[in-house]
Amino acid sequence: MANSRQDMVGISVKNPITGEEIGVVPNSTREDVQAAVERAQDAQLAWGAASVEERCRVIRQWGDLLWENQQRVMKIIREETGKNDAGAFIEVMGLDNYIAYYAKNAPEILRPKRRQPIFPIIQYGRVYHKPLGVVGIISPWNYPLALSMMDAIPALLAGNTVVIKPSEITPYSALAAADLAYQAGIPENVIQIVTGDGATGEALIDYVDMICFTGSTATGRKVALKAADRLMPISLELGGKDAMIVLADADVDMAASGAVAGSYENAGQMCISIERVYVEEPIYDRFVAKVKELVSQMVIGAGDGLDIHMGSMTNERELKRVEEHIKDAVEKGAEIIAGGNRRPDLGPLFFEPTVLIHVDHSMKVMKEETFGPIIPIMKVYNVDEAIRLANDTEYGLSGAIFTRDLERGERLATRLNTGDISVNRTQAVAVSVDMSWGGHIHSGLGGQRGGTAGILRFTASQSVLVDTQIGSKPGLTAIDPTTLMFLKLIRLARRYLPFL
Ligand code: NDP
């Protein structure tokens, strides 16, 4: 399959800031997908048979190449998304962390583990973690490098081969990463990119052994239904409507800066973006004033460097949703205290960082995923109200609590129905690779990223029990007198020998 930027009949990829065509990629057909999966199946035999340590070695080399080529890769990410330098760096850094963590920990996590069989001493048992085969990865456009490759790392280390279908809007970041993987020594059929649209993604589900999907809840539901037909393992990372709670004892400056950083990263086009803020009444006015002040200092634009705080949005579709949520909120009584407008002077898809107050749960902006640069701030009168409102959603991805009482913050975090929560920082779990995270309710299903769970989801566990037959005699039933005696003995021994 051609993966070059040459002109061809296919999908035209455009720079969202200039509107210029970056290149054209093939819109892979069902036959293309099937052929890619067949090549991946063949390649899996040798890749899966290699030692985990050997796989770690080449993945580490890949990580080094990505790091060395970060400027070029960041340029590609920025060209197809319109995000700022900081946002593109977050993708490279995030992926690098994943590679470092899993290349270090995979051998131990995947090592067969001793387990206790029913008859200790005469039997022994081990659990093995076997690769699933070919893992299909379907990824969105908002973090086109990180989200196409983050799941590939543990999947590959576990001995699978992968076929990745990046978003048609942003395929070049994944293609660039795959090129570096080949340079690092990963065979071409071990990691393949099939460019294409939703139909290409649908076809992938028909051929692979597992599907790992990141995207909207609506598409995730379609993916789950299709995968159910094949009774195949799935991992779905879906949409969110993350809440931030600011308690009366919080450091107002830190909380306000957390809200700004956590809501406007990638112009709010982040699954774990802070999309709602609940502030306790005693500090509400100070918090709102501080957020407004910080927003007034933000620089938005298409320029380079870390002092550009927000870049462009990526699609007109998201921009229209942002406008619709603002309009709906204002019609129902909200007030815009910052932003609220497009910035065509900067580019067609720029939108100002926006702050809304006097919001409530009758408004779309507090209930539906916005995926844009809006901070809606709501006053609450106690912590129970804050928790109740934060949990009043179909989503359960991530969130944050700001308080000086760290123990209380941690305790309250467990009352939120989300996959993870950070206290006094936003989105901190997602970059802490040792901590697994994944959405609850309609934000995810079937798997978590990070930690032990993040790699074991790409394996089938197999328990193997070996019976030495010491003291065993041939019998006619499963429970013969000797077995019965052993079982009774074990039951008695459990009272005195806690390891049994
Ligand atoms: P979509 O659900 O629209 O698309 C995600 C991927 O699925 C794309 O590659 C898309 O292809 C593909 N696709 C579309 N239709 C189908 C189908 N019927 N079968 C299989 N694949 C299909 O999401 P977006 O790309 O718009 O991404 C934004 C969403 O992703 C937000 O809701 C966000 O919250 C969520 N997200 C979740 C994350 C998480 O970790 N929980 C992380 C990041 C984003 P194409 O684009 O070519 O149409």
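Sorted by mean Cβ packing within 10 Å, highest first, what order do the peptides 31-40, 145-154 take?
Numbers: 31-40: 18.8, 145-154: 28.0.
Output ranking for 31-40, 145-154: 145-154, 31-40.
Once the chain from Gln34 to Asn417 is taken as fully extended at 0.36 nm per residue, the excess over their C-alpha distance is 134.0 nm.
For the stretch 306-366, the Cα gyration tensor yields ellipsoid semi-axes of 23, 13, 9 Å (square root of five times each eigenvalue, largest first, whole Å). Would you mind telling me the share, in percent, of accessible area of the stretch 368-460 contributed by carbon and sulfur at probe 1.4 angstrom? It is 48 percent, rounded to a whole number. Size descriptors for the stretch 220-260 (Cα atoms only): Rg and Dmax, in that order, 19.0, 52 Å.
Under 5 Å between amide hydrogens, built in the peptide plane, is the criterion, and for Met435 it picks out Gly451 among residues at least 5 positions away or on other chains. Our summary gives the chain a relative contact order of 17 percent, counting only alpha carbon pairs under 8 angstrom and 6 or more residues apart. Once you treat every alpha carbon in the stretch 364-500 as an equal point and sum by Debye, what is log10 I(q)/I(0) at q = 0.16 Å⁻¹? Values returned for q = 0.16 Å⁻¹ are -0.93.
Averaged per residue, the stretch 75-185 has 29 square angstrom of accessible surface, using a 1.4 angstrom probe with ligands and nucleic acids left out. Got a sec? Charge dipole of the chain, +1 on Cβ for Lys and Arg, -1 for Asp and Glu; which of Gly19, Ala181, Ile121 is way out at the positive end? The residue sitting farthest along the positive end of the dipole is Ile121. For the stretch 274-391, a Kirkwood hydrodynamic radius built from all Cα pairs, placed in the Stokes-Einstein relation at 25 °C and 0.890 mPa s, yields a translational diffusion coefficient of 164 µm²/s.
Projecting the Cα atoms of Asn160, Val252, Trp62 onto the charge dipole of the chain, computed from C-beta unit charges around the Cα centre, puts Asn160 farthest toward the positive end.
Packing-wise, with mean Cβ within 10 Å as the measure, how do 317-324, 159-166 rank, highest first?
On the way: 317-324: 16.9, 159-166: 27.4.
Highest to lowest by the protection proxy: 159-166, 317-324.
With each label modelled as a point 7 angstrom along the Cα→C-beta vector, the Val466-Ile490 pair spans 1.9 nm.
Evaluated with a Cβ-only charge set (Lys, Arg +1; Asp, Glu -1), the chain carries a dipole of roughly 2220 debye about its Cα centre, given to the nearest 20.
In a simple Cβ point-charge model (Lys, Arg +1; Asp, Glu -1; nothing else charged), the stretch 171-317 has a dipole of about 420 debye relative to its Cα centre. The alpha carbons of the chain stretch over 84, 60, 40 Å along the principal axes, in descending order. For the cross-link pairs Lys14/Lys165; Lys241/Lys290; Lys241/Lys379; Lys83/Lys332, the ones whose C-alpha atoms lie over 26 Å apart are Lys83/Lys332.
Comparing the stretch 106-256 with the 2.2 N^0.38 Å rule of thumb, its C-alpha radius of gyration ratio is 1.34 (two decimals). Highest mean packing first, where packing is the average number of other Cβ atoms within 10 Å per residue, the peptides 258-266, 117-125 line up as 258-266, 117-125. Dipole magnitude for the stretch 352-500: computed about the Cα centre from +1 point charges on Lys and Arg Cβ and -1 point charges on Asp and Glu Cβ, it is near 760 debye.
The values are calculated or read from the model by the stated rules, or taken from the named source; none is laboratory data. Quantities reported herein were computed from a predicted structural model and do not represent experimental measurements. Using ideal geometry, Cβ is built from the backbone for each residue, glycine included, and neighbour counts are taken over all protein chains shown. The area values use the complete protein model at the heavy-atom level, side chains included, leaving out ligands, DNA and RNA. Shrake-Rupley method; radii C 1.70, N 1.55, O 1.52, S 1.80 Å.
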